[in-house]
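Structure record follows, encoded as structure tokens.
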Amino acid sequence: MNIWILTSQFPPTVIGGIARYVENAAAMFARAGHQVTIVAADTREDESILPSGARLIRFRPRGHLLEPGDQTNRTPSHPAFPYTIMSHWPALSYEMADRVAALVRRDGVRPDVIECQEYGALPYYLIQRRLVEDHPLRDVPVVVHLQSPDFALTRANQEPRYRFPAYWVERMEKFCLLAADGLLASSHFMTREIGRELPELAGQITVIPLPYA
């Protein structure tokens, strides 16, 4: 099976959390004989083969071309457009959708399944564009893996949930969960937490505990 994993974090730039899960899951799939490609937002652009045999494609988000506080040029002539008019997470999701489509066109190979985190609504634009466009990944299932959505974290931390842009990121995360082709979680605790916000997902989340060596 050809598996693609999309992530906003990967070692060594980020060590724990989502990054550690993706590194371990990709190695597990690759060693089981699957073709695995990781597409990761990072601080550099490169492509390599990991010791497990998984392919790692890192990209530096174009939003990084913006200087801190530089929102003066919002026209298409700016090298970071359209990220001059988007906040971090929507911009990263938009670029991830573009990157994976370009990868299919470049290599002429499509994955059998795509796995992506829900945190930050990373698969938002990929899922949306598959639904409304003649997209090269239109009929490739997108499985969303519940790591810890921002809307659950803000509730647990008792943070204001009405502030922008976090308010819209939470709405985008919920769309990802409702529109995904499949949902995975590593614990029943997570499914209960999600169920408090989205009761319509009751019974639709597959729980697969993380393996430990």
Is the stretch 118-213 rounded, prolate or oblate when judged by the Cα gyration tensor, a ≥ b ≥ c being the square roots of its eigenvalues, rounded requiring a/c under 1.5 and prolate requiring a/b larger than b/c? oblate
Note to self: with every protein chain in place and a 1.4 Å probe, the chain gives an accessible area per residue in Å² of 51 Å²
Could you work out Rg/(2.2 N^0.38 Å) for the stretch 83-170, with Rg from alpha carbons only? 1.21
Among the DSSP beta bridges whose two residues both lie in the chain, what percent are antiparallel, rounded to the nearest 5? 15 percent
What residues have an amide H closer than 5 Å to that of Glu115, excluding those fewer than 5 places away on the same chain, when H is modeled at 1.01 Å from N in the peptide plane? Trp4, Ile5, Leu6, Val143
Of Thr7, Thr191, which has the most accessible area and how do the rest follow, probe 1.4 Å? Thr191, Thr7
Three principal axis extents, largest first, for the C-alpha atoms of the stretch 5-55, in Å? 29, 22, 17
Relative contact order, percent, of the stretch 86-160 when contacts are C-alpha pairs under 8 Å separated by at least 6 residues? 35 percent
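What number in nm² do you get for the chain if you take the convex hull of its Cα atoms and divide its surface by four?
12.9 nm²
Is the stretch 80-131 rounded, prolate or oblate when judged by the Cα gyration tensor, a ≥ b ≥ c being the square roots of its eigenvalues, rounded requiring a/c under 1.5 and prolate requiring a/b larger than b/c?
oblate
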Taking θ = phi - 60°, what integer Hz values does the Karplus form 6.51 cos²θ - 1.76 cosθ + 1.60 yield along the stretch 191-203, in sequence order, with x for Gly and Pro? 5, 5, 5, 5, x, 5, 9, 10, x, 5, 8, 4, x
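Given a 1.4 Å probe and every protein chain left where it sits, what share in percent of the accessible area of the chain is carbon and sulfur?
The value for the chain is 55 percent carbon and sulfur by accessible area.
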How large is ³J(HN,Hα) for each residue in the stretch 162-176, as worked out from phi by the Karplus curve 6.51 cos²θ - 1.76 cosθ + 1.60 (θ = phi - 60°), to whole Hz, x for Gly and Pro? 9, 6, 8, x, 4, 4, 6, 4, 4, 5, 5, 4, 5, 4, 4
What figure in square angstrom, to the nearest 10, would you give for the accessible area of Phe189 with a 1.4 Å probe? 120 Å²
Quick one: how many Å² of Leu184 are accessible to a 1.4 Å probe, rounded to 10? 40 Å²
Hz values of 3J(HN,Hα) by residue in the stretch 80-94 - Karplus curve (6.51, -1.76, 1.60), Gly and Pro given as x: 9, 5, x, 6, 5, 10, 10, 7, 4, 5, x, 5, 5, 4, 4
Probe 1.4 Å, all protein chains present, accessible-area order of Ile5, Ile85, largest first: Ile85, Ile5
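The values are calculated or read from the model by the stated rules, or taken from the named source; none is laboratory data. Since the model is a prediction, treat every value here as computed from it, not as a measurement. Each accessible area value is taken on the protein alone, full model and side chains, heavy atoms only, with ligands, DNA and RNA left out. Shrake-Rupley method; radii C 1.70, N 1.55, O 1.52, S 1.80 Å.
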